[in-house]
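Here the structure comes first, spelled out in structure tokens, and everything after it is commentary.
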Amino acid sequence: MYIEHYGLAGQPFQLTPDARFWFESRTHRKAMAYLGYGLAQGEGFIVVTGEIGAGKSTLVAHLMATIDRARLNAISLVSTQVEGDDMLRLAAQGLGLATAGVEKARLLDAVEQRLEQELRSGKRTLLIVDEAQNLPVSALEELRMLSNFQIAGKALIQIVLLGQPEFRDKLASPGLEQLRQRVIATHHLYAMGEDEVEAYIRHRLGLVAWQGRPDFAPGALAAVHAATGGIPRRVNQLANRLLLHAAVEDADMIVAEAVEAVAADMNADTPAPAPAPAAPPQAEEERVLPIRAARSSPAEPANEPASPSQAVPFADPALLRRIAALEARAEEQEKMLRRVLTLLVDWVENGSPETAYRTHAA
């Protein structure tokens with residue numbers, strides 16, 4: 001209804017992931033950097049976690065839209081609570097293999113042969129498994145066994161695991177030590193900040209020929225952030241209802257009071273979950289881990305502390321200055337990390353550290 005009312009070219013806040021609406025928030029930018037590093041290694045596991053609706057599937061949709069399909073055969077699976085044998089069959093079906101009535105030993109051999117064919121034809125194979133928190137240990141172990149396939153020292157398959165926050169706890173369990181040793185990069189998607197929510201909404205509206213009608217009054221987008229916790233899917237749900245409400249009222253301006261009223265109506269139908277943190281806690285946010293002890297990994301990014309005024313409102317001036325210095329240091333370390341990741345990716349692709357250094361020095 002509101003699409004025609006406001007002359008939009010399409011649905012700006014659909015819930016289905018669509019790479020066309022990719023928005024590079026701070027946490028999604030970091031996730032892509034770690035995915036880029038991991039993919040350049042061509043082996044092992046990459047793990048991305050996040051709250052429900054944090055944008056994991058959108059991240060994958062963006063990745064799938066940007067990869068070179070002539071060089072990378074990407075297979076995407078949405079897992080259910082399947083055991084190891086069923087996970088193997090799902091992977092085989094993703095490779096285009098028939099699985100009905102085939103015993104496991106023969107199926108493993110067929111999978112290995114297909115992966116070798118892909119590699120010899122110039123294609124690497126990437127297996128993306130969503131909802132990994134639902135996988136039992138047997139299925140994760142089956143994926144680890146697949147990651148063992150190699151030829152002439154080159155891995156035949158690389159695996160990306162996407163899951164909700166509890167997957168990190170499962171991965172830390174004692175029975176998955178061997179899989180953890182093969183994880184080369186991890187990232188946790190955090191919620192968007194208030195400034196990002198505003199940019200996100202205007203970005204998506206701009207992609208459907210929005211001409212500024214309806215617009216948002218001062219405080220309205222801050223109210224959207226407060227009601228959604230900065231989780232992209234929740235923002236989409238609320239923004240969609242807001243536009244519908246505005247069309248019904250024939251309003252050209254969405255005010256904070258309207259946001260609060262619509263959010264209250266939505267919460268009356270379904271209790272809102274607790275908002276996710278907009279910034280990483282004082283713990284490791286993401287890691288780049290070695291597959292072997294001999295391989296060094298890039299420096300880990302510093303955490304992003306809250307601003308002094310938000311973190312310690314009654315702190316003394318000396319403490320505030322120290323926190324400000326830590327913020328500046330964290331920002332500088334993040335810049336250094338991104339440069340190191342870029343150099344590592346170029347090193348792997350070009351075959352020599354000197355080539356990578358000369359490229360970026362130029």
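When the stretch 7-22 is filtered for residues that are buried (at least 18 other Cβ atoms within 10 Å of the Cβ) and over 22 Å from ARG233 (Cβ atoms), nothing remains.
Within the stretch 104-143, if we keep just the residues that are surrounded by fewer than 18 Cβ atoms within 10 Å (Cβ to Cβ) and aliphatic (A, V, I, L, M), the residue that is farthest from SER173 (Cα to Cα) turns out to be ALA110.
Within the stretch 154-170, how many residues are farther than 19 Å from ALA91 by Cβ and surrounded by 15 or more Cβ atoms within 10 Å (Cβ to Cβ)?
Here is the first cut: in the stretch 154-170, the residues farther than 19 Å from ALA91 by Cβ are 164-166, 168-170.
Remaining after also requiring surrounded by 15 or more Cβ atoms within 10 Å (Cβ to Cβ): 164-165, 170.
The total comes to 3.
Exactly one condition in (1) modelled with pLDDT of 95 or more; (2) surrounded by 15 or more Cβ atoms within 10 Å (Cβ to Cβ) is false for ILE184; which is it? Among (1) modelled with pLDDT of 95 or more; (2) surrounded by 15 or more Cβ atoms within 10 Å (Cβ to Cβ), ILE184 violates only (1).
Selection of the stretch 64-103 for residues being touching an Asp or Glu at 6+ places or on another chain (Cβ under 6 Å) and either of a type in the set (Asp, Glu) or surrounded by fewer than 16 Cβ atoms within 10 Å (Cβ to Cβ) (or both) yields only VAL78.
So for the stretch 132-140 (the condition being in a loop (DSSP other than H, G, I, E, B) and touching a strand residue (DSSP E or B) at 6+ places or on another chain (Cβ under 9 Å)), does at least one residue qualify?
Of all residues in the stretch 132-140, those in a loop (DSSP other than H, G, I, E, B) come to 135-136.
Narrowing further to those that are touching a strand residue (DSSP E or B) at 6+ places or on another chain (Cβ under 9 Å): 135.
Scanning the stretch 132-140, I find at least one residue that is in a loop (DSSP other than H, G, I, E, B) and touching a strand residue (DSSP E or B) at 6+ places or on another chain (Cβ under 9 Å), so the answer is yes.
For SER25, all conditions in the list (1) under 26 Å from LEU135 (Cα atoms); (2) polar (S, T, N, Q); (3) crowded, with 18+ Cβ neighbours inside 10 Å hold save one; what is the number of the exception? All conditions pass for SER25, except number (1).
Scanning the stretch 41-62 for residues that are hydrophobic (A, V, I, L, M, F, W, C) and buried (at least 22 other Cβ atoms within 10 Å of the Cβ), we see that the one that is farthest from VAL235 (Cα to Cα) is PHE45.
Within the stretch 109-126, residues that are touching a residue at least 40 places away in the same chain (Cβ under 8 Å) and part of a helix (DSSP H, G or I) sit with their Cβ atoms under 7 Å from residues that are of a type outside the set (A, V, I, L, M) and surrounded by 14 or more Cβ atoms within 10 Å (Cβ to Cβ), at 6+ positions apart or across chains, in these pairs: GLU112/PHE149; LEU115/THR125; LEU115/PHE149; GLU118/ASN73; GLU118/THR125. The residue that is farthest from the chain's Cα centre (by Cα), counting only those in the stretch 151-185 that are farther than 16 Å from LEU135 by Cα and either outside the structural domain of SER121 (by TED's automatic domain parsing) or part of a loop (DSSP other than H, G, I, E, B) (or both), is ALA152.
The values are calculated or read from the model by the stated rules, or taken from the named source; none is laboratory data. Quantities reported herein were computed from a predicted structural model and do not represent experimental measurements. Every residue, glycine among them, receives a Cβ derived from its backbone with ideal geometry; neighbour counts consider all protein chains shown.
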